[in-house]
Amino acid sequence: MQKAFKLALISSALMSANLASAAEINLQQLHVFGTAQTIMLGGEKGMLPAKPPTLHPQSGKLIGTMMSGAGSDFATLAQSGIYSFTPKLTDGKLTDFSTQINTVNNDIGAFTTNVIINSQGVAFGGAKSSLFKWTEEDGMQDAFDGIDLTVLNGGSFDISGLLTVDAQDNVYFAASQRNDDFFALVRLSHNGELAVLVDFGRDEYKEAVGDSFIYTKGQSPAALIFSADDNAIYGLAHKNANSAGAGDNAGLDGDDFASGTLFKIDLANVATDGSTEVIVLNSFSNNLHGLIDDHSLATNSVVEQGEWLYGTSAKTLWRIHKNTENSFTVIHTFGEQDNGIDAVQDGHIPAGPLVAAADGNIYGTTRASGGDEQGAGVLYRINVSADATDVNREKDDFEIIQSFDEQASIRPVGLTSGAIADEKHTLYGATNGDNSTEAGGIFEFTVNQHTLSFSTETEELTLGESLDLSWQSINISDCTASGDWEGAKEANGQESITPDTEGEKSYVLTCKDTDQKTYTRTLELLVGAEPEPEPEPEPEPEPEPEPEPEPEPEPEPEPEPEPEPEPEPEPEPDTGTKPEPTPDPDKGTDPAPAPDTSTDPEPTPEPAPEPEEDKGSSGSFGGWILALGALVMGRRFYKKTK
């Protein structure tokens, strides 16, 4: 039987009791801006920040802007400016708070955008009709210095909303001029080149409705973020008062209209003539969601967390999966009855950037609160579902964390992310103030970093094999095992388990974090049966021995050619004289004895000569011929002598 297995790592829901306490989040006021009177009397400069400050990654200082109060007299009091300081209190005070007045232009209330910082440590921000750049060494400069601005509606435009910067230090911002129907997403490249990537007022992006238009891709960008994972810009585009809609009006009630869009542009395929493709991920409804707002003190925003985007509209808090159609879901509608939050506690008018924090949750602020919307605003949290089987994140949970009614400065305008150190993540925020007793402030709070991982390197398992489980956590405790294992467990550990039966196994680890929220992680595994032993193969029969080949017959020797007969010696002529017998050399010179005539015996033939050494068949044959010749001669000699 082959091994069968299934392995699924499931991170189950981050459960929340929807109950906040001051012990969880402790807001600390870092700075409170003065009023016009205190500034003119020699107090610290700066009033009315419109967006939260940004942490400088190299210097560790917070860099932010304020709408006014950068000067100290009547002539300069209304001027915008930039501030910076190290976010550390000594005896309850900052030691290096400093400001710089707007030197780019003289526009009143010019600095209303967020501040972004590139990889070289240069800060950028909108200056209404321009863009500033700032470093601590060089101060404030015009980022458009030396650049031809006629590409931007002939140089007539305003910068607004939330800016962003990509990994190559290109800056992206919204530029618009409502009277000229100019609404654009613009890129300032790292080498100083200016280009319109999207012209939202293109004819193909508009549908005529009476004397007005519906801007099908959205009318003007309100908030931009860069996604390094997707190499893309995600953004919100809003609707202006002079249009019939921004998005898709199809299917909306007669008194309703498209109030903005969530869009995406792929940075790998951009054009510099305004024709970059715009992918609309969602079109908002004014009745259901409210407007997408780019108001300087209530800018809606979007934030990325993995494959998901979370964001705000004027009425709602929502999420959408980046790659799944029809996944848009409203998490919370502010001020709506039966939304699970007491109307007195609920927030109103979501304002400013959101932050995806290291505790796995998302934090944001509203500018107002209470049933009459006259409250000072709230800090809220989305407890994000971490359950891998909760594919639609239906277990996301909304929670009010803190009211600003009792804070030193009120009316928050958003949050930014700070550093993670000692297993804590610091978040920063700004308030715009009541503009009476105070004119805004800067605050911070920390959240515990929470992580719980539960894993195994086993990819397949059969009965009799062991499963090695391992888990690690940060700020996690009270862990308990259940399912196919049990008992109390340490916050970090490993264990080897050998299942004793086949089938599906579930190993569940449940823990709590320092805020008493529950985390559950599950490993599911299919244990296959032991493979049946393969039968020993029967021995193969020995092959029958091949018969030995019969020896090849030796070739018959070729017959030796018959020797030619030696010619018989010619008879000697008869002279009448008897020849003398040839003397025998072995007998010396003695005469031969007289022949015995009493009988007539056959003469004894002379012995054949010894055969010579065999020198081949012809030599042997020649020896026999000689012997035969000697015998014949002997007979003749005998007859003659007889």
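The values are calculated or read from the model by the stated rules, or taken from the named source; none is laboratory data. Only a predicted model underlies this, so the values are computations on that prediction, with no experimental measurement involved. Positions of Cβ are backbone-derived with ideal geometry, glycine not excepted, and every protein chain shown enters the neighbour counts. Only protein heavy atoms, including side chains, enter the accessible area calculation; ligands, DNA and RNA are left aside. Shrake-Rupley method; radii C 1.70, N 1.55, O 1.52, S 1.80 Å.
Can you tell me which residues in the range 244-284 are out of contact with any Ser or Thr (no Cβ under 6 Å at 6 or more places or on another chain), open to solvent by less than 10 Å² (accessible area, probe 1.4 Å) and not hydrophobic (A, V, I, L, M, F, W, C)?
Within the range 244-284, 245, 259, 260, 274, 276 qualify.
Give the residues of the range 488-520 that are open to solvent by less than 30 Å² (accessible area, probe 1.4 Å), among the hydrophobic types (A, V, I, L, M, F, W, C) and over 15 Å from residue 449 (Cα atoms), sorted by residue number.
First pass over the range 488-520, keeping only residues open to solvent by less than 30 Å² (accessible area, probe 1.4 Å): 491, 493, 497, 499, 503, 505, 507-509, 511, 513, 517, 519-520.
Next, only the ones that are among the hydrophobic types (A, V, I, L, M, F, W, C) stay: 491, 497, 508-509, 511.
Hits for the range 488-520 are 497, 508, 509.
Which one is farthest from residue 301 (Cα to Cα), of the residues in the range 209-243 that are open to solvent by 10 Å² or more (accessible area, probe 1.4 Å) and polar (S, T, N, Q)?
Among those that are open to solvent by 10 Å² or more (accessible area, probe 1.4 Å) and polar (S, T, N, Q), it is 212.
Can you find, within the range 304-325, the residue that is nearest to residue 399 (Cα to Cα) among those that are of a type in the set (S, T, N, Q) and open to solvent by 20 Å² or more (accessible area, probe 1.4 Å)?
Narrowing the range 304-325 to residues of a type in the set (S, T, N, Q): 305, 312-313, 316, 323-324.
Filter once more, so that each one left must be open to solvent by 20 Å² or more (accessible area, probe 1.4 Å): 305, 323-324.
Numbers: 305: 18, 323: 27, 324: 26 Å.
The selected residue is 305.
For residues that are surrounded by fewer than 22 Cβ atoms within 10 Å (Cβ to Cβ) and of a type in the set (Ser, Thr, Tyr), scanning just the range 417-436, find the one that is nearest to residue 472 (Cα to Cα).
426
Examine the range 196-208 for a residue that is touching a strand residue (DSSP E or B) at 6+ places or on another chain (Cβ under 6 Å), in contact (Cβ under 8 Å) with a residue 60 or more places away in the chain and open to solvent by 30 Å² or more (accessible area, probe 1.4 Å), and state whether such a residue exists.
Within the range 196-208, one or more residues are touching a strand residue (DSSP E or B) at 6+ places or on another chain (Cβ under 6 Å), in contact (Cβ under 8 Å) with a residue 60 or more places away in the chain and open to solvent by 30 Å² or more (accessible area, probe 1.4 Å).
Answer with yes or no whether residue 342 is more than 25 Å from residue 31 (Cβ to Cβ) and at pLDDT below 95. Don't jump to the end; show me each part of the working.
Working: more than 25 Å from residue 31 (Cβ to Cβ): yes; at pLDDT below 95: yes.
Yes: the conditions hold for residue 342.
Looking only at the range 163-183, how many residues end up being part of a strand (DSSP E or B) and more than 12 Å from residue 224 (Cα to Cα)? Reasoning before the result, please.
Let us first name the residues in the range 163-183 that are part of a strand (DSSP E or B), namely 163-165, 171-177, 182-183.
Adding the requirement that they be more than 12 Å from residue 224 (Cα to Cα) leaves 175-177, 182-183.
Result for the range 163-183: 5.
If residue 58 satisfies all but one of (1) touching a residue at least 12 places away in the same chain (Cβ under 8 Å); (2) open to solvent by 30 Å² or more (accessible area, probe 1.4 Å); (3) in a strand (DSSP E or B), what's the number of the condition it fails?
Of everything listed in (1) touching a residue at least 12 places away in the same chain (Cβ under 8 Å); (2) open to solvent by 30 Å² or more (accessible area, probe 1.4 Å); (3) in a strand (DSSP E or B), residue 58 misses just condition (3).
Take the range 372-416 and flag every residue that is open to solvent by 60 Å² or more (accessible area, probe 1.4 Å) and under 30 Å from residue 295 (Cβ atoms).
So in the range 372-416, the residues open to solvent by 60 Å² or more (accessible area, probe 1.4 Å) come out as 372-374, 389, 391-392, 394-395, 405-406, 408.
372, 373, 374, 405, 406, 408 - these are the residues of the range 372-416 that are open to solvent by 60 Å² or more (accessible area, probe 1.4 Å) and under 30 Å from residue 295 (Cβ atoms).
Pairs under 9 Å by beta carbon, first residue charged (D, E, K, R) in the range 72-91, partner open to solvent by 60 Å² or more (accessible area, probe 1.4 Å), six or more apart or different chains?
Note: pairs meeting the criteria are 73/40; 88/95.
What's the total number of residues in the range 133-173 that are small (Gly, Ala, Ser) and within 19 Å of residue 52 (Cβ to Cβ)?
Adding up the residues that qualify gives 2.
Any residue at all in the range 310-329 that is among the aromatic types (Phe, Trp, Tyr), within 25 Å of the chain's Cα centre (by Cα) and part of a loop (DSSP other than H, G, I, E, B)? Give the steps one after another, and end with the answer.
If we filter the range 310-329 for residues that are among the aromatic types (Phe, Trp, Tyr), which is where we start, we get 310, 318, 328.
From the residues that got through so far, the ones that are within 25 Å of the chain's Cα centre (by Cα) too are 310, 328.
Cutting the leftovers down to part of a loop (DSSP other than H, G, I, E, B) gives us 328.
The answer is yes; a qualifying residue exists.
Name the strands (runs of 3 or more DSSP E) wholly within the range 334-441 that hold at least 1 residues that are of a type in the set (Ser, Thr, Tyr)? Spell out the reasoning first.
Numbers: elements: 347-350, 362-369, 378-383, 397-403, 412-421, 424-431.
Fully inside the range 334-441 and qualifying: 362-369, 378-383, 397-403, 412-421, 424-431.
Among (1) open to solvent by less than 30 Å² (accessible area, probe 1.4 Å); (2) of a type in the set (Val, Ile, Thr); (3) farther than 25 Å from residue 197 by Cβ, there is one condition residue 95 misses while meeting the rest; what is its number?
The single condition residue 95 does not satisfy is (1).
When residues of the range 326-367 are filtered for being surrounded by fewer than 18 Cβ atoms within 10 Å (Cβ to Cβ) and of a type in the set (Asp, Glu), how many remain?
The qualifying residues number 3.
Go through the range 482-507 and report how many residues are out of contact with any Phe, Trp or Tyr (no Cβ under 7 Å at 6 or more places or on another chain) and under 25 Å from residue 423 (Cα atoms). Quick ask: steps written out before the conclusion?
Here is the first cut: in the range 482-507, the ones out of contact with any Phe, Trp or Tyr (no Cβ under 7 Å at 6 or more places or on another chain) are 482, 486-491, 494-496, 498-506.
With the extra rule that they be under 25 Å from residue 423 (Cα atoms), the set shrinks to 488-491, 494.
The number of residues fulfilling the criteria is 5.
Please determine, by comparing only the residues of the range 457-469 that are open to solvent by 30 Å² or more (accessible area, probe 1.4 Å) and not aliphatic (A, V, I, L, M), which one is farthest from residue 87 (Cα to Cα).
Restricting attention to the range 457-469, the residues satisfying the condition of being open to solvent by 30 Å² or more (accessible area, probe 1.4 Å) are 457, 459-460, 463-466, 468.
When the remaining residues are screened for being not aliphatic (A, V, I, L, M), the result is 457, 459-460, 464-466, 468.
Details: 457: 43, 459: 48, 460: 52, 464: 58, 465: 55, 466: 52, 468: 45 Å.
Ranking the qualifying residues of the range 457-469, first place goes to 464.
If you take the residues of the range 1-50 that are modelled with pLDDT under 50 and polar (S, T, N, Q), which of them is farthest from residue 434 (Cα to Cα)? Working first, answer last.
Residues of the range 1-50 that are modelled with pLDDT under 50, as a first pass: 1-23.
Okay, now just the ones that are also polar (S, T, N, Q), so 2, 11-12, 16, 18, 21.
On the way: 2: 73, 11: 44, 12: 43, 16: 33, 18: 30, 21: 26 Å.
The qualifying residue farthest from residue 434 (Cα to Cα) is 2.
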